[in-house]
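All remarks here apply to the structure that follows.
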Amino acid sequence: MGREEEIAYAREHGIPVKAGPRRRRYSIDDNLWGRSSEGGAIEDIEEPPRADVFNLVTPPQMRRRAADVTIGFERGTPVSIDGARLELVELLEQAGEIGARHGVGIVDHIEDRIVGLKVRDIYEVPAATIILTAHKELEKLVGRSTRTPSSRA
């Protein structure tokens with residue numbers, strides 16, 4: 001589907017869409033995991049992202065002091081933040097709010113498209129950054145080493 005068809009489909013099925021008839025500066029996709037922006041001034045790789053790109057994450061120059069956050073896992077699935085047990089959607093929303101306040105989760109990325117284009121995207125993914133970072137630390141604690149005694153240097 002093209003962009004207009006996607007918008008029509010979403011509206012027909014009661015899915016909220018922020019797009020409208022006016023032309024936006026960027027192409028923006030929002031979901032529970034984060035937000036991506038592309039197009040317009042973002043395409044100029046020589047330029048840092050403008051402040052108007054950011055909608056979720058506090059730009060790094062304006063972020064607050066660091067904060068410690070503890071993510072609890074059960075069988076590899078996140079289940080709590082700072083000891084408070086939450087349903088997954090609420091946990092992702094809360095992790096996103098915490099990360100956004102502290103400038104966590106800005107990814108400036110060049111991706112290869114299937115049609116051969118290279119496109120710059122700015123991702124704002126505070127929940128993903130917090131959860132995936134915490135999970136990598138968990139993996140270090142509980143994962144088995146694949147090294148054998150004979151492979152040690």
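Between Leu132 and Asn55, the distance separating the two model label sites (each 7 Å from Cα on the Cα→Cβ line) works out to 2.0 nm. Add +1 for every Lys or Arg and -1 for every Asp or Glu among the other residues with Cβ under 15 Å from the Cβ of Glu47, and state the total. It works out to a net charge of -4. Output the 0 to 90 degree angle, nearest 10, between the alpha-carbon long axis of helix 126-142 and the longest principal axis computed from the alpha carbons of the chain. Here the helix axis deviates by roughly 20 degrees. Relative to the Cα centre, the charge distribution of the chain, modelled as +1 at Lys and Arg Cβ and -1 at Asp and Glu Cβ, gives a dipole magnitude of about 460 debye.
What whole-number value in Å² describes the accessible area per residue of the chain for a 1.4 Å probe?
On the way: 11280 Å² over 153 residues.
Accessible area per residue, the chain: 74 Å².
Note on Glu90 and Glu111: their simple-model spin labels are 3.1 nm apart, each label 7 Å out from Cα toward Cβ.
Using a/c under 1.5 as the rounded threshold, could you call segment 28-79 rounded, prolate or oblate? The axes a ≥ b ≥ c are square roots of the C-alpha gyration tensor eigenvalues, and prolate needs a/b larger than b/c, oblate otherwise. Since a/c reaches 1.5 but b/c is at least a/b, the shape of segment 28-79 is classed as oblate.
Of the peptides 69-80, 117-128, the order by per-residue mean of other Cβ atoms within 10 Å, starting with the highest, comes out as 117-128, 69-80.
Ignoring ligands, DNA and RNA, what percent of the accessible area of the chain is carbon or sulfur (1.4 Å)? Provide the component values of the computation, followed by the final result.
Working: 5810 of 11280 Å².
Within the chain, the accessible surface is 52 percent carbon and sulfur.
Which of the three applies to segment 43-153, rounded, prolate or oblate, going by the alpha-carbon gyration tensor with a ≥ b ≥ c and a/c under 1.5 meaning rounded? All intermediate terms of the calculation are to be shown ahead of the outcome.
Working: a/c = 2.16, a/b = 1.27, b/c = 1.71.
Here segment 43-153 falls in the oblate category.
Shown is the FRET efficiency for Glu12 and Leu32, computed with R0 = 25 Å from the Cβ-Cβ distance and rounded to the nearest 0.05: 0.70.
The values are calculated or read from the model by the stated rules, or taken from the named source; none is laboratory data. Here the structure is a predicted model, which is why all the values come from computation and not from measurement. Glycine also receives a Cβ, built like all others from the backbone with ideal geometry; neighbour counts cover every protein chain displayed. All accessible areas refer to the heavy atoms of the entire protein, side chains included, with ligands and DNA or RNA removed. Shrake-Rupley method; radii C 1.70, N 1.55, O 1.52, S 1.80 Å.
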